[in-house]
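One structure below.
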Amino acid sequence: MNKRIGVFICHCGLNIAGTVDVDALREAVGKIRNVVYVKNYIFLCSQPGQEMVSDAVKEHKLDGFIVANCSPTLHEKTFRTIAIKLGMNPYLVEVANIREQSSWPHSKQPDYATKKALKIIKGTIKKLERNIELYTQRVGLTKRALVIGGGIAGIQAALDIADGGYEVLLLDRKQSIGGHMAQISETFPTLDCPQCIMTPKMTEVAQHPNIKLYTYSEVEEISGFIGNFTVKLRQKARYVDWDKCTGCGECIAKCPSKPLSEFNRNLCKGTAIYRDFEQAVPSYPVINKEACLYFQKGVCRVCEKVCPAAAINYEDKDIIKEEKIGAIIIATGYDLMPIQALGEYGAGKYKDVVDGMQFERLLASTGPYAGNVKRPSDQKVPESVVFIQCAGSRDPETHYPYCSKICCMYTAKQALLYKHNVHHGKAYIFYIDIRSNGKGYEEFVQRVQEEEGVVYIRGKVSKVFKRGDKLVVWGADTLTGQTVEIETDLVVLASAMIPSTGSLNLASKTRLATDKFGWFSEAHPKLRPVESVTGGYFLAGTAQAPRDIPETVAQASGAASKVLALFSNEYIESDPVIAQVDPEICNRCGYCESVCAYGAVKLNPKTRIAEVNEVLCEGCGACAATCPSGAISHRNNSRKQIFDMISVATENYDQITTKFDK
């Protein structure tokens, strides 16, 4: 308890000193028991500030010290590193957050902010007095990565890690990798062919010696912790032996069953035995059991008869494979909200009301009409098209409050491509406002408006209904204050992006946090944007939030760099500020196991006493708060420390004479 404690108070420029009287605070802190040294400095995080702290620790023979500055998220590591260099245990260094918790929230109450800052420092001193020396635990790691999702984000991340010399498993639930980028016609703002960009990368994935491809597969179970995951993968029954198949496509050409094509967004028919698209990787087909005549009616078997390689296997079963993994990248992508949910626009009722991805397939040269734009209802060329932006996005009352980020740009691109396809056609875009914040984006929108003659109408659409063979769009132009009625042949909805199918199921298997909409949550939006709160998991692309292709690729490479940094180590050091169990008083109730969000606390199957996996534990404290017998405590956050800090927080404020009183 009797420690020589130093306190260093940071001005943080005027972030703290502009509100808190740091001189009066220093004088008050100097009177606290066990505090032998107090010092103010304008920027403690600066090099001179760090050197001043280091010199003071040595000169005054401090047993531990407190830095009163900003959030520990920002600079706790900075000052604990100083302690390590001085031979001091880093867990005898604490941060008193007097910026976010005092000076900023009470910027209009400087006298109160100063008194509250003193309370925060006093509470932190009470905690430090009972801190013990802690030491990290070293654990080996498996230098193999799993990338879940084979879109452009997953492909980029897998290639970056594989090029770094480490083995990668790339998993996708579809027959082929490629994701949504394989479905689109051209990319904005350069109008590149996406297949020309994607195909070389897909081929490189298939040929890379460090990449093992698992398509038509899903995650069954994940256990373990950072560096040491055990992953069970379910390889779904393909009913085609890929070891024998040559990818000739004879079975696809002769298949008599014609279900709607999922890849073409149900705009045309496909076959029961299929591959997603011509450039699919792998190029081997699978059988859709729900559409196959043999599986449903016991007839047909045409594919088996025409296959020259005898690759058809109707007895195929799902296979569970187990892999050891060191790091996992979540790149599960996005879907569009079901168009049927947008009934106010006639979606789901009229065939000629389509979503953005369906229109991409209408524009694509590999689409149902070979790049010739036609109405789904009668295959006539539409003389006019109305595009409705923010269909489901930015609509907190009925749908989703967030912006889907890419709709303004892909709508402009689609209008331009439509005009290039149907030269005499008319294109109208209803918008709330235009968000074109990427490189070359604003210029692209200006080109669409000025050179292509696309009509932009600022306003919302209230209703879409049928009149004869035309669709009628009712809306309002908020710039002129007038109502608008347009008769058109086709309506395209820029519907909201939502997390991909199965994201929430995967989140439950991985115990990863998501926001209320189902997007995977990052550890910190600015400082750790590609990391999950749970160690060993990294986020890439639209698994986290809506974003465009350049941002997705950049984030995928960022996630890959984090994996490469992890694999550059020979071992992992776990944070020792975690839960611990006193087996003498554990009553074997199991409450701790049920509340642990990370699966770190388990009851020993023989003794029924709780045990903590120190590497898996994130130190959240839920188990310690739940334990009815007090058997679980949190290292350096013991009950005594917590109650000491509560006592300080609930006592009367000290009377300090500050410069604001004068």
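Just so you know, all these numbers are worked out from the coordinates, no wet-lab data involved. The shown structure was predicted, so the numbers you read here are calculated from the model rather than taken from an experiment. Cβ sites come from the backbone with ideal geometry, for glycine too, and all protein chains shown count toward neighbours.
Residues whose amide H falls under 5 Å from that of TYR214, counting only those 5 or more places apart or on a different chain, are LEU170, LEU171, ASP172, with hydrogens built in the peptide plane. Which shape class, rounded, prolate or oblate, goes with region 5-134 when its Cα gyration tensor gives a ≥ b ≥ c as root eigenvalues, a/c under 1.5 marks rounded, and past that a/b bigger than b/c marks prolate? Prolate is the answer for region 5-134, as a/c is 1.5 or above and a/b outweighs b/c. Given THR657, ALA412, TYR350, which one lies farthest toward the positive end of the charge dipole of the chain, if we put +1 on the Cβ of every Lys and Arg and -1 on the Cβ of every Asp and Glu? Towards the positive end, the residue furthest out is THR657.
For region 535-626, state which GluC sites (Glu not before Pro) are in a DSSP loop and have at most 13 other beta carbons lying within 10 Å of their beta carbon. Hits after loop and neighbour filter: GLU570, GLU584. Each stretch of four or more DSSP H residues adds -39500 (n - 2.57); spread over every residue of the chain, this sum gives -8000 deg cm²/dmol at 222 nm.
Between the listed residues PRO401, GLY440, THR483, the Cα displaced farthest toward the positive end of the dipole of region 334-498, a dipole computed from Cβ unit charges relative to the Cα centre, is found at PRO401.
Between the amide H of LYS466 and those of VAL472, distances stay under 5 Å, these residues lying 5 or more places away or on another chain, with hydrogens modeled in the peptide plane. Couplings 3J(HN,Hα) of region 105-119, computed from phi: x, 10, 4, 9, 10, x, 5, 5, 4, 5, 5, 5, 4, 5, 4 Hz, in residue order, whole Hz [Karplus 6.51 cos²θ - 1.76 cosθ + 1.60, θ = phi - 60°; x for Gly and Pro]. Amide H to amide H distances under 5 Å link ILE429 with PHE387, VAL455, TYR456, ILE457, where only residues 5 or more positions off or on other chains count and H is placed in the peptide plane. Applying 0.36 nm per residue to the separation of LEU14 and ILE42 and subtracting their alpha-carbon distance, the gain on full extension is 9.2 nm.
FRET efficiency for LYS317 and VAL381, Cβ-Cβ distance as r, R0 = 41 Å, nearest 0.05?
The calculated FRET efficiency here is 0.30.
About the centre of its Cα atoms, region 545-662 shows a dipole size close to 240 debye [charges on the beta carbon of Lys, Arg (+1) and Asp, Glu (-1) only; nearest 20 debye]. When each of the peptides 333-341, 134-142 is scored by the mean number of other C-beta atoms lying within 10 Å of its residues, the order from highest to lowest reads 333-341, 134-142. Rounded to the nearest 20 debye, the dipole magnitude of the chain is 1060 debye, with +1 charges on Lys and Arg beta carbons, -1 on Asp and Glu beta carbons, and the Cα centre as origin.
Report note on the peptides 147-156, 534-543: ranked by the mean count of other C-beta atoms within 10 Å, highest first, their order is 147-156, 534-543.
Per-residue 3J(HN,Hα) values for region 199-213, derived from phi via the Karplus relation 6.51 cos²θ - 1.76 cosθ + 1.60 with θ = phi - 60°, read 4, x, 5, 5, 5, 4, 4, 5, 9, 5, x, 9, 10, 10, 9 Hz in sequence order (x marks Gly and Pro). Highest mean packing comes first when the peptides 519-527, 453-461 are listed by Cβ atoms within 10 Å, giving 453-461, 519-527.
Specify which residue in the list HIS60, ALA391, VAL492 is farthest towards the positive end of the charge dipole of the chain, using unit charges on the beta carbon of Lys, Arg (+1) and Asp, Glu (-1), about the Cα centre. Farthest along the dipole direction, towards plus: HIS60. In this label model, ASP163 and GLN340 are separated by 4.4 nm, measuring between points 7 Å along each Cα→Cβ vector. Once every Cα of region 575-635 carries one equal point scatterer and solvent is ignored, give the base-10 log of I(q)/I(0) from the Debye formula at q = 0.29 Å⁻¹, two decimals. Log-scaled intensity ratios, in q order: -1.36.
With axes computed from alpha carbons, what is the tilt in degrees of helix 407-421 against the longest principal axis of the chain, rounded to the nearest 10 within 0 to 90? So the helix axis and the longest Cα principal axis differ by about 20 degrees.
The angle between the Cα long axis of helix 639-650 and the main principal axis of the chain comes to about 80°, on a 0 to 90 degree scale. Couplings 3J(HN,Hα) of region 172-187, computed from phi: 9, 7, 8, 5, 10, 6, x, x, 5, 4, 6, 8, 7, 7, 9, 9 Hz, in residue order, whole Hz [Karplus 6.51 cos²θ - 1.76 cosθ + 1.60, θ = phi - 60°; x for Gly and Pro].
Looking at region 27-108, which chymotrypsin sites (Phe, Trp or Tyr not before Pro) are in a loop (DSSP not H, G, I, E or B) and have at most 15 other Cβ atoms within 10 Å? Filter output for region 27-108: PHE43.
Take every DSSP beta bridge whose two residues both sit in the chain; close to 50 percent of them are antiparallel.
Think of each Lys and Arg Cβ as +1 and each Asp and Glu Cβ as -1; about the Cα centre, that makes the dipole of region 5-134 roughly 340 debye. Give the angle, between 0 and 90 degrees and rounded to the nearest 10, that separates the Cα long axis of helix 549-567 from the longest principal axis of the Cα atoms of the chain. The angle comes out at about 50 degrees.
Classify region 164-284 as rounded, prolate or oblate, taking a ≥ b ≥ c as the square roots of the eigenvalues of its Cα gyration tensor: rounded when a/c is under 1.5, otherwise prolate if a/b is larger than b/c and oblate if not. Since a/c reaches 1.5 but b/c is at least a/b, the shape of region 164-284 is classed as oblate.
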